[in-house]
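So the structure is just underneath, and the comments pick up after that.
The values are calculated or read from the model by the stated rules, or taken from the named source; none is laboratory data. Quick caveat: nothing in here was measured; it's all calculated off a predicted structure. Cβ sites come from the backbone with ideal geometry, for glycine too, and all protein chains shown count toward neighbours. Ligands, DNA and RNA are stripped out before the accessible areas are found, and what is left, the full protein with its side chains, is counted by its heavy atoms. Shrake-Rupley method; radii C 1.70, N 1.55, O 1.52, S 1.80 Å.
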Amino acid sequence: MNELPELMTIKELRDYLKCSNQNAYNIIKSDGFPCLKFGGSYRIPKNEFIEWINNQRLNREVSQDENRS
């Protein structure tokens, strides 16, 4: 993740996640996703994105553990 710029574009998010343009926009519009909007452009702060990714992983692990019980 060190190769990511401090403020990512939608294209950089899409390339990093290997998802479609539509999926990238769905992600940035989801509750809790860290993004900034400047006019018609979105920017995603790298550090907040990394924190969001880590929280997604943690939430998934907790969900899987609950389903096993």
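Assorted remarks:
- Neighbours by Cβ (under 9 Å, 6+ apart or cross-chain): first from the range 25-51, in contact (Cβ under 8 Å) with a residue 12 or more places away in the chain and within 14 Å of Leu7 (Cα to Cα); second surrounded by 10 or more Cβ atoms within 10 Å (Cβ to Cβ) and among the hydroxyl-bearing types (Ser, Thr, Tyr): Ile28/Tyr42; Leu36/Tyr42; Ser41/Thr9; Tyr42/Thr9; Tyr42/Tyr25; Arg43/Thr9; Ile44/Thr9; Phe49/Tyr16
- Taken over the range 22-31, the criterion of being more than 9 Å from the chain's Cα centre (by Cα) and open to solvent by less than 70 Å² (accessible area, probe 1.4 Å) is satisfied by Ser30 alone.
- From Phe38, Phe49, residue being among the aromatic types (Phe, Trp, Tyr) and surrounded by 13 or more Cβ atoms within 10 Å (Cβ to Cβ): Phe49
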